[in-house]
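Q: I have a structure here, written as structure tokens, and I will follow up with some questions on it.
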Amino acid sequence: MRGRKPKPAAQQIAEGDPAKRGVHKLDAMRATESRATRGLRECPKHLKGVARTVWRFWARELEQMNLDCRPDGPMLEGACVAYQTYVELYELIETQGKLVAKKERNPQTGQMEVVDVRPHPAMHVRDRALMQMKAFCSEFGFSPISRARLSVELEQPEHNQQDLMSILLQPRPPKQPQEKTVQ
């Protein structure tokens with residue numbers, strides 16, 4: 001699929017119908033969108049250590065944001081594993097150093113000499129795990145930018161609050177004529 005990711009109809013309504021599709025078409029789109037069942041499953045038993053801790057933390061945060069949906073469990077599991085991989089490799093690189101020296105024995109002197117210095121091989125894997133975790137977090141709204149983009153409120157508004165569409169459909173108040181001053 002090419003291009004931008006499609007926005008949910010509720011988000012388009014909240015943004016004031018920027019594509020000018022019309023209220024009735026957006027309401028019909030919202031009615032036909034699939035809805036996931038709420039509530040994440042328990043933490044998978046195979047997640048241990050850091051992955052289990054971060055699962056519990058992110059599950060509570062998703063619940064607070066009303067985004068804890070059952071089909072998102074495997075995706076959250078992948079984010080937790082990526083985070084654990086990142087943390088483990090970060091600690092490994094911190095203990096072993098960011099550079100690895102390749103040594104060979106000099107045939108003339110018999111001494112070990114450094115012939116090449118390269119970045120630690122785990123740095124590439126660590127960076128890939130960080131990118132995967134960042135992608136997962138962006139999907140779930142765990143980064144500041146994705147939270148700002150996630151302006152859709154999944155719960156029904158309170159009865160005393162006015163609906164956004166009713167506010168947008170109200171006519172504008174007439175402009176007051178400005179008084180001209182003659183100098």
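Nothing in this text is a laboratory measurement; each read-out follows from the coordinates by a stated rule. Because the structure is a prediction, the values reported are computed rather than measured. Cβ atoms come from the backbone with ideal geometry, glycine included; neighbour counts cover every protein chain shown.
Q: Which net charge results for the neighbourhood of Arg70, defined as the other residues with beta-carbon distances under 14 angstrom from its beta-carbon, given Lys and Arg at +1 and Asp and Glu at -1?
A: Around Arg70, the charge tally is -2.
Q: Here's a follow-up. Whose amide H sits under 5 Å from the amide H of Cys69, counting only residues 5 or more places off or on another chain, with H placed in the peptide plane?
A: Gly39
Q: Further question on the same structure: How would Thr95, Thr53 line up from fewest to most surrounding beta-carbon atoms within 10 angstrom?
A: Ordered by Cβ neighbours within 10 Å, fewest first: Thr95, Thr53.
Q: For Val50 and Lys102, compute 0.36 nm times the residue count separating them, minus their Cα-Cα distance, and round to one decimal in nm.
A: Full extension of this stretch gives 15.5 nm more.
Q: Report the extension gain between Arg172 and Ala31 in nm, rounded to one decimal, defined as 0.36 nm multiplied by the number of residues separating them, less their alpha carbon distance.
A: Difference between extended and current length: 47.9 nm.
Q: Provide the net charge surrounding Glu113, with neighbours chosen by a C-beta distance below 14 Å and charges set as Lys +1, Arg +1, Asp -1, Glu -1.
A: +1
Q: Treat the count of other C-beta atoms within 10 Å as a stand-in for reagent exposure and order Tyr83, Tyr90 from fewest to most.
A: Tyr90, Tyr83
Q: Fewest to most neighbouring Cβ within 10 Å: what's the order for His124, His24?
A: So the residues, fewest neighbours to most, are His24, His124.
Q: Moving on to the next point. Take the stretch 39-153, compute every pairwise Cα distance, and split them into 10 Å bins from 0; I just need the percent in each bin.
A: 13, 33, 24, 14, 9, 6, 2, 0
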